[in-house]
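Single-structure report; data block below.
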Amino acid sequence: MSESKQRLEIVTPQRKVFSEDVDFLVAPGADGELGILPSHTPLITSLNVGIMRIEQDNKKFRIVVSGGFMEVRNSKVTVLATAAERTEEIDVARAEAAKKRAEDRLVSKTPDIDTLRAEMALRRAIMRIKAASGK
């Protein structure tokens, strides 16, 4: 690996989503977005639901992460995500349906609704739709 690259590995409990050398990435950290270049200072942070933006050989692409943790050390970035999807894997119709279900749950305000869970489902669906649309 050249000094202008860093290894990015994104894994979930189900699978390895990504494992390649990249030039730059922006991750949805707990306190805001984090830009990571090769030789970045070591760090460990939690991740929010959001879009990870990646640059690799003059190409840009996105991966939606649904929380988890990120470790940066020795030009290697390891993301342990609760869930992660490349934009080409996102089923937009399914994401739209999940968004509608979450919105309906939040509007219903019935006592048996887990509001926090519905809010997180809504955030995940919105990020998936946003990433798939390229916005």
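The values are calculated or read from the model by the stated rules, or taken from the named source; none is laboratory data. Everything numeric here is computed off the predicted structure, so don't read it as measured data. A quick note on method: Cβ atoms are made from the backbone with ideal geometry, for glycine too, and the neighbour counts reach across all protein chains shown.
Restricting VAL11, VAL72, VAL17, VAL92 to residues that are closer than 21 Å to ILE126 by Cβ and in contact with a strand residue (DSSP E or B) (Cβ under 7 Å, 6 or more places away or on another chain) narrows the list to VAL17.
From the list ALA93, ALA97, ALA121, which one is in contact (Cβ under 8 Å) with a residue 12 or more places away in the chain, out of contact with any Phe, Trp or Tyr (no Cβ under 9 Å at 6 or more places or on another chain) and part of a helix (DSSP H, G or I)? Spell out the reasoning first.
On the way: ALA93 fails: in contact (Cβ under 8 Å) with a residue 12 or more places away in the chain; ALA97 fails: in contact (Cβ under 8 Å) with a residue 12 or more places away in the chain.
Selected residue: ALA121, the only one of ALA93, ALA97, ALA121 that is in contact (Cβ under 8 Å) with a residue 12 or more places away in the chain, out of contact with any Phe, Trp or Tyr (no Cβ under 9 Å at 6 or more places or on another chain) and part of a helix (DSSP H, G or I).
Would it be correct to say that ILE113 is touching a residue at least 40 places away in the same chain (Cβ under 8 Å) and out of contact with any strand residue (DSSP E or B) (no Cβ under 6 Å at 6 or more places or on another chain)? Spelling it out, it is not the case that ILE113 is touching a residue at least 40 places away in the same chain (Cβ under 8 Å) and out of contact with any strand residue (DSSP E or B) (no Cβ under 6 Å at 6 or more places or on another chain).
Within segment 77-96, the set of residues being farther than 14 Å from VAL17 by Cβ and surrounded by 15 or more Cβ atoms within 10 Å (Cβ to Cβ) comprises just one member, ALA95.
Looking across segment 62-75, the residues that are in a strand (DSSP E or B) and crowded, with 16+ Cβ neighbours inside 10 Å come down to ARG62, ILE63, VAL64, VAL65, SER66, GLY67, GLY68, MET70, VAL72.
Out of GLY35, GLY29, GLY67, GLY50, which single residue is farther than 20 Å from ARG128 by Cβ and either over 11 Å from the mean Cα position of the chain (by Cα) or modelled with pLDDT under 95 (or both)?
Working: GLY29 fails: farther than 20 Å from ARG128 by Cβ; GLY67 fails: farther than 20 Å from ARG128 by Cβ; GLY50 fails: farther than 20 Å from ARG128 by Cβ.
None of the others qualify; the one that does is GLY35.
Report whether or not THR78 is in a loop (DSSP other than H, G, I, E, B) and either in contact with a helix residue (DSSP H, G or I) (Cβ under 6 Å, 6 or more places away or on another chain) or not small (Gly, Ala, Ser) (or both). Spelling it out, it is not the case that THR78 is in a loop (DSSP other than H, G, I, E, B) and either in contact with a helix residue (DSSP H, G or I) (Cβ under 6 Å, 6 or more places away or on another chain) or not small (Gly, Ala, Ser) (or both). Looking only at residues of segment 105-125 that are among the small types (Gly, Ala, Ser) and under 18 Å from ALA95 (Cα atoms), we find that the one that is surrounded by the fewest Cβ atoms within 10 Å (Cβ to Cβ) is ALA118. Summed over segment 100-114, the residues that are acidic (Asp, Glu) and in a loop (DSSP other than H, G, I, E, B) give a count of 2.
Beta carbons closer than 7 Å, at least 6 apart along the sequence or on distinct chains, pair a first residue in segment 46-75 that is in the same structural domain as SER19 (by TED's automatic domain parsing) and charged (D, E, K, R) with a second that is surrounded by 21 or more Cβ atoms within 10 Å (Cβ to Cβ) and not in a strand (DSSP E or B) for ARG62/ALA131.
Go through segment 9-61 and count every residue that is among the aliphatic types (A, V, I, L, M) and not in a strand (DSSP E or B).
Residues of segment 9-61 among the aliphatic types (A, V, I, L, M): 10-11, 17, 22, 25-27, 30, 34, 36-37, 43-44, 47, 49, 51-52, 54.
Now restrict to residues that are not in a strand (DSSP E or B): 30, 37.
Residues meeting the conditions: 2.
Scanning segment 18-70 for residues that are β-branched (Val, Ile, Thr), closer than 16 Å to ARG7 by Cβ and in contact with a Leu (Cβ under 7 Å, 6 or more places away or on another chain) turns up VAL22, ILE36, ILE54.
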